[in-house]
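I have placed the structure first, in the form of structure tokens, so that the comments after it can refer back to it.
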């Protein structure tokens, strides 16, 4: 590993750390705020109020009092994917279970239940009362095995809610309609609320919390989300029409999509780090146009299911954004390169560890020309080492001159100092894309491989009886092996070019893998397995590449370039770099000359004149110019 490559590797590592901890997610839009009172907008799920008697119901609910008395009963709709529990009190979804999934701890996976969440709709009456559907008792009318209708007879009309659950689907269709209630319901938007206190379902509570957020998509096509990793109250007030809102629970989603639109909304999230039961509280408040409800056009679809890209892209426009694949070019790499390749291999191979290994091999084959270019650049630097050492010996105290002469040497030999770094930098999009793909890929969730029980989270084969700062209370064996393989690569590179890696650069080349051991110890086992295999394949590539790079032939090629470029002036980047170095050298020389010069007397006098005058510099009488004596 030469000096340029080492600098490039150091910069890449620094960028990667910054990417992970400073810009892990796109910033929320300008409408996102963090007011101090946000906590009040997302309170804990309220206790169930005591049932009302007829008199109390009539006083509280007015024309809707007749439906305010009753007893709550539950009923279910079920298919292969979902078991959805409804309550007749409010005619609303009370609990959702994902039949094919379990928590990391082996329990049935309930996306939410009556204790952790509450869905409700509120409207205002013409006499000024605020009425919630959860204040009313509905009559449940099953519509076969796939649908259920809830009806409340109120104020001479009806409130009707119809739910339909198709077979083999994660979507629940929902229609809300007010029949003949125009005279008693105010002509203003209804308010739908979804309070969601999220439970831990994955091994790593911190990752589970940091990947939990609310995403929203506007009718105009804009998509933003609440900040995921923030431990402060987060809020977005939306004044534009919305198409959908989704509560993302790391690997699962509870969302609602409007066939028409929501008029506006407010999204909140809060975190209580002292609460071990609920890792984060999400709250969405959405307004529904009154005309849609009165005309039977208030049609919605709930999505309760896995955060799987191929599934979500069929739900609604950009609903697949709930799968975080990175931003910018990194998302494009994941979406159009990594995911298709991964899903293609999935059709033929059942082991996801082997799929990851094959993914590494395919990527390495595609990027081999860049790897070859980097190794060839290192070999050129190694061949030129005698000339570079001679320059250092010739100008031992003048670093600027060393650099200038080295650049001349590179130019004459046809060598670019950036040719070793640029190929590595071109692989950065894949590097960053992988850091987003593996922790968010539900395909890896609870998939075992070797000693890892779940490739979507860290393997904790080595458990510590204490907690190490920045490391935790475990050591991931995949991360440890990845670190050792990286150190082996570094040692091999330094042995191949020992003179180029000395002093601080050699120290940093070994320090960075150790830093990443701490950084990646709690990352997805799939990610660290990927980089372990990547390191092993790279070592094999280097061994193979060395067979095709002959130092003698390379030296002859450089000498031919030297003859060819003998009278050729530098151009492009090399010329600009040389000009900049020359200007810097001249500026430095002027600075040294100015610092070392003493205040000088007039050029028309010399020391002998001062001596003859007897007054020296203090003599203010004018002097005649001296005549030049000719021999």
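The values are calculated or read from the model by the stated rules, or taken from the named source; none is laboratory data. Keep in mind it's a predicted model, so treat the numbers as computed, not measured. Methodologically, a virtual Cβ is constructed for each residue, glycine included, from the backbone with ideal geometry; neighbour enumeration extends over all protein chains shown.
Specify which of the listed residues (454, 460) is at pLDDT 80 or above, crowded, with 19+ Cβ neighbours inside 10 Å, over 23 Å from residue 334 (Cβ atoms) and not assigned by TED's automatic domain parsing to the domain that holds residue 201.
That would be 460, the only listed residue that is at pLDDT 80 or above, crowded, with 19+ Cβ neighbours inside 10 Å, over 23 Å from residue 334 (Cβ atoms) and not assigned by TED's automatic domain parsing to the domain that holds residue 201.
Limited to region 338-352, what total is found for residues that are touching a residue at least 12 places away in the same chain (Cβ under 8 Å) and touching a helix residue (DSSP H, G or I) at 6+ places or on another chain (Cβ under 8 Å)?
Residues that pass the stated criteria total 8.
If a residue must be farther than 18 Å from residue 537 by Cα and either in a helix (DSSP H, G or I) or free of Cβ contacts under 8 Å to residues at least 40 places away in the same chain (or both), how many such residues does region 353-388 contain?
So the answer is 11.
Does residue 227 qualify as being assigned to a loop (DSSP other than H, G, I, E, B), in contact with a strand residue (DSSP E or B) (Cβ under 6 Å, 6 or more places away or on another chain) and within 25 Å of residue 307 (Cα to Cα)?
Considered against the rule, which asks whether it is assigned to a loop (DSSP other than H, G, I, E, B), in contact with a strand residue (DSSP E or B) (Cβ under 6 Å, 6 or more places away or on another chain) and within 25 Å of residue 307 (Cα to Cα), residue 227 comes out as yes.
Check 188, 202, 141, 235 and return the single one that is modelled with pLDDT of 90 or more, over 20 Å from residue 86 (Cα atoms) and surrounded by fewer than 18 Cβ atoms within 10 Å (Cβ to Cβ).
The conditions single out 188.
Please tell me if residue 254 is part of a strand (DSSP E or B), touching a helix residue (DSSP H, G or I) at 6+ places or on another chain (Cβ under 6 Å) and at pLDDT 95 or above.
Taking the combined requirement at face value, the residue does not satisfy it.
For (1) at pLDDT 80 or above; (2) farther than 30 Å from residue 452 by Cα; (3) assigned by TED's automatic domain parsing to the domain that holds residue 508, each residue gets a yes or a no:
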residue	(1), (2), (3)
36	no, yes, no
50	no, yes, no
58	no, yes, no
73	yes, yes, no
81	yes, no, no
85	yes, yes, no
90	yes, yes, no
93	yes, yes, no
106	yes, no, no
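Could you check region 310-330 and list, in sequence order, the residues that are surrounded by 20 or more Cβ atoms within 10 Å (Cβ to Cβ) and either more than 26 Å from residue 80 (Cβ to Cβ) or without any contact (Cβ under 8 Å) to a residue 40 or more places away in the chain (or both)?
Those that are surrounded by 20 or more Cβ atoms within 10 Å (Cβ to Cβ) and either more than 26 Å from residue 80 (Cβ to Cβ) or without any contact (Cβ under 8 Å) to a residue 40 or more places away in the chain (or both): 321, 324, 325, 326, 330.
Is it the case that residue 85 is farther than 22 Å from residue 259 by Cβ, touching a strand residue (DSSP E or B) at 6+ places or on another chain (Cβ under 9 Å) and assigned to a strand (DSSP E or B)?
In short, yes.
Consider region 430-462. How many of its residues are more than 20 Å from residue 349 (Cβ to Cβ) and either outside any loop (DSSP other than H, G, I, E, B) or under 11 Å from the mean Cα position of the chain (by Cα) (or both)?
Of the residues in that region, 9 qualify.
Which of (1) in a strand (DSSP E or B); (2) in contact (Cβ under 8 Å) with a residue 12 or more places away in the chain; (3) loosely packed, with under 15 Cβ neighbours inside 10 Å is the odd one out, the single condition residue 167 does not satisfy?
(1)
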